[in-house]
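Asker: I'd like to ask you about the structure that follows.
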Amino acid sequence: MFTLNRWQSKTALIMAMSVTAGTVAPLFTVTPTYAQTSFSDVSSNYWGSQFIQQLSQRGVIAGFPDGTFRPEEPVTRAQFAAMINKAFNKSAQRPAINFNDVPRNFWAYNAIRQAYTIGFLSGYPGNQFRPNQAIPREQVLVSLANGLGYATTGNVETTLQYFNDASSISGYARSPIAAATDRRIVVNYPNVRFLNPTVTASRAQVAAFIYQALVSSNQATAINSPYIVSLVTTPPPPISVTIPQGTSIPVKYEQAEKILVTKDETAPLTLTTSQNVITQDGTVVIPAGSQVIGKLQPAQGGSQFVAEKLILTTGKEYNLNASSEVITRTETVRKGNSTSSIIKNTVLGAAAAAGVSAVTGDRAIATEEVLGGAGIGALIGLFFGKTSIDLIAIEPNTDLNMTINQNLVVNLR
């Protein structure tokens with residue numbers, strides 16, 4: 001866990017990444033850059049569009065090859081098990097079992113076993129799982145409440161009175177659904193007062209339930225939807241939050257696994273925050289996926305990332321005074337080295353690219369492999385006659401995590 005030091009505010013910031021045995025941990029690699037997030041049959045004003053978009057970004061759900069999502073299609077128990085395993089990372093709660101109706105060559109065999117062991121799904125009498133059975137809404141909610149270990153904080157029947165069709169909720173489902181309601185997991189469209197517990201859950205409805213479960217466990221940013229069931233009026237979030245000097249912000253760089261620069265060069269670089277930064281009450285102040293714009297520059301015989309601007313996922317921009325540790329790790333490029341092996345999964349500063357080109361004799365380094373797409377031709381002359389060159393080797397996803405050097409005030413409204 002990232003530790004925040006020199007805390008100077010009543011509102012403590014924590015990173016939403018706690019990994020404790022038996023508890024739910026966020027998935028850190030759930031935002032593949034290739035994930036489809038818009039679908040031809042999910043318009044921007046569709047009631048579940050935000051839930052679908054957010055889960056598709058995380059890789060929990062996906063569309064079809066024709067570009068559709070088919071939000072109204074039913075979900076089977078096997079499909080739901082697969083979604084659960086992509087959404088939640090949780091330690092085993094019980095030994096795995098083999099269901100009589102789930103053969104080893106069934107496509108969801110492993111997903112069903114895992115969903116069972118972590119406590120989200122169970123079987124039917126006779127050791128049956130019924131993988132191809134369409135899953136009803138109440139079963140989805142029971143699964144999420146049980147899997148996350150939620151219990152109702154009040155009287156079950158009093159809570160369920162909110163729903164006009166509460167009498168239709170099965171006996172086994174009443175307590176877990178009350179707990180799910182308390183945690184704002186329940187999403188009812190088109191009438192928030194009707195749960196429709198025994199109706200088959202659609203792909204859009206399951207997406208909404210799973211996303212709200214992630215929100216309830218501080219793994220996702222809350223979505224403003226009139227169809228989320230809320231039994232209490234929550235106070236409005238503070239107008240602004242001060243992120244104190246000394247706060248660590250984890251970042252990632254998706255374009256390459258390594259960056260090479262000379263110790264004397266300055267190169268533009270844009271990073272992405274890899275996790276939400278939230279307050280103790282669950283308010284997200286820096287969402288995962290926000291951009292940090294800055295540059296790599298010489299420092300103490302190495303290179304250091306210096307941030308200049310923070311752009312939140314909402315589009316709000318802030319001047320940011322933050323920096324990484326100084327990286328002094330070096331990699332030597334010698335005459336005769338293969339350029340293709342040097343630049344594999346690597347981007348280079350313009351000077352580093354010129355040096356590699358001059359030393360290896362390869363003049364074909366593409367601008368796509370150079371930070372900022374800078375031209376390198378004018379710099380090659382600086383390295384004529386050299387048979388080797390030492391470059392600073394940066395692993396961006398671990399080396400460039402930043403520390404804020406000056407208090408940052410973020411407006412929440």
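The values are calculated or read from the model by the stated rules, or taken from the named source; none is laboratory data. Quick caveat: nothing in here was measured; it's all calculated off a predicted structure. Here Cβ is always computed from backbone atoms with ideal geometry, including for glycine, and neighbour counts include all displayed protein chains.
Asker: Scan the range 19-60 residue by residue and report those that are of a type in the set (A, V, I, L, M, F, W, C), closer than 19 Å to Ser274 by Cβ and modelled with pLDDT of 85 or more.
Answerer: Hits for the range 19-60 are Leu55, Val60.
Asker: Restrict the check to the range 307-323 and report whether at least one residue is more than 23 Å from Asn407 (Cβ to Cβ) and out of contact with any strand residue (DSSP E or B) (no Cβ under 6 Å at 6 or more places or on another chain).
Answerer: no
Asker: Does Thr346 satisfy the criteria of being among the hydroxyl-bearing types (Ser, Thr, Tyr), surrounded by 15 or more Cβ atoms within 10 Å (Cβ to Cβ), touching a helix residue (DSSP H, G or I) at 6+ places or on another chain (Cβ under 6 Å) and farther than 28 Å from Val284 by Cβ?
Answerer: Spelling it out, it is not the case that Thr346 is among the hydroxyl-bearing types (Ser, Thr, Tyr), surrounded by 15 or more Cβ atoms within 10 Å (Cβ to Cβ), touching a helix residue (DSSP H, G or I) at 6+ places or on another chain (Cβ under 6 Å) and farther than 28 Å from Val284 by Cβ.
Asker: (1) assigned to a loop (DSSP other than H, G, I, E, B); (2) over 19 Å from Ser49 (Cβ atoms); (3) out of contact with any Ser or Thr (no Cβ under 8 Å at 6 or more places or on another chain): which one isn't true of Gln93, the others all being true?
Answerer: Of everything listed in (1) assigned to a loop (DSSP other than H, G, I, E, B); (2) over 19 Å from Ser49 (Cβ atoms); (3) out of contact with any Ser or Thr (no Cβ under 8 Å at 6 or more places or on another chain), Gln93 misses just condition (3).
Asker: Kindly establish whether Phe120 is at negative phi, touching a residue at least 40 places away in the same chain (Cβ under 8 Å) and out of contact with any strand residue (DSSP E or B) (no Cβ under 7 Å at 6 or more places or on another chain).
Answerer: Taking the combined requirement at face value, the residue does not satisfy it.
Asker: Can I ask one more? Taking the conditions exactly as written (over 20 Å from Ser217 (Cα atoms) and either assigned by TED's automatic domain parsing to the domain that holds Pro95 or in contact (Cβ under 8 Å) with a residue 60 or more places away in the chain (or both)), does Ala115 satisfy them or not?
Answerer: Against the criterion (over 20 Å from Ser217 (Cα atoms) and either assigned by TED's automatic domain parsing to the domain that holds Pro95 or in contact (Cβ under 8 Å) with a residue 60 or more places away in the chain (or both)), Ala115 does not qualify.
Asker: Out of Ala134, Ala96, I need the residue that is of a type in the set (Gly, Ala, Ser), crowded, with 16+ Cβ neighbours inside 10 Å, more than 24 Å from the chain's Cα centre (by Cα) and more than 19 Å from Leu214 (Cα to Cα). Which one?
Answerer: Ala134
Asker: Determine whether the range 61-68 contains at least one residue that is in the same structural domain as Ala134 (by TED's automatic domain parsing), modelled with pLDDT under 90 and in contact with a helix residue (DSSP H, G or I) (Cβ under 9 Å, 6 or more places away or on another chain).
Answerer: Yes: the range 61-68 contains one or more residues that are in the same structural domain as Ala134 (by TED's automatic domain parsing), modelled with pLDDT under 90 and in contact with a helix residue (DSSP H, G or I) (Cβ under 9 Å, 6 or more places away or on another chain).
Asker: Further question: Select from the range 246-292 the residues that are polar (S, T, N, Q), out of contact with any Pro (no Cβ under 8 Å at 6 or more places or on another chain) and at pLDDT below 90 and write down the one among them that is surrounded by the fewest Cβ atoms within 10 Å (Cβ to Cβ).
Answerer: Top of the filtered list is Gln280.
Asker: Of the residues that make up the range 69-87, is at least one free of Cβ contacts under 8 Å to residues at least 24 places away in the same chain, outside any helix (DSSP H, G or I), not assigned by TED's automatic domain parsing to the domain that holds Ser290 and not polar (S, T, N, Q)?
Answerer: For the range 69-87, residues free of Cβ contacts under 8 Å to residues at least 24 places away in the same chain, outside any helix (DSSP H, G or I), not assigned by TED's automatic domain parsing to the domain that holds Ser290 and not polar (S, T, N, Q): absent.
Asker: So, of the residues in the range 166-224 that are touching a Phe, Trp or Tyr at 6+ places or on another chain (Cβ under 6 Å) and in a helix (DSSP H, G or I), which turns out to be surrounded by the fewest Cβ atoms within 10 Å (Cβ to Cβ)?
Answerer: Ala179
Asker: Working only within the range 166-206, note down all residues that are within 16 Å of Phe80 (Cα to Cα), of a type outside the set (Ser, Thr, Tyr) and in contact with a Pro (Cβ under 8 Å, 6 or more places away or on another chain).
Answerer: Result: Val199, Ala201, Arg203, Ala204.
Asker: Please enumerate the residues belonging to the range 69-93 that are in contact with a helix residue (DSSP H, G or I) (Cβ under 6 Å, 6 or more places away or on another chain), of a type in the set (D, E, K, R) and under 19 Å from Leu144 (Cα atoms).
Answerer: none
Asker: Taking the stated definitions as given, is Val102 in contact (Cβ under 8 Å) with a residue 24 or more places away in the chain and touching a Ser or Thr at 6+ places or on another chain (Cβ under 9 Å)?
Answerer: Here the answer is no, as Val102 does not meet what is asked.
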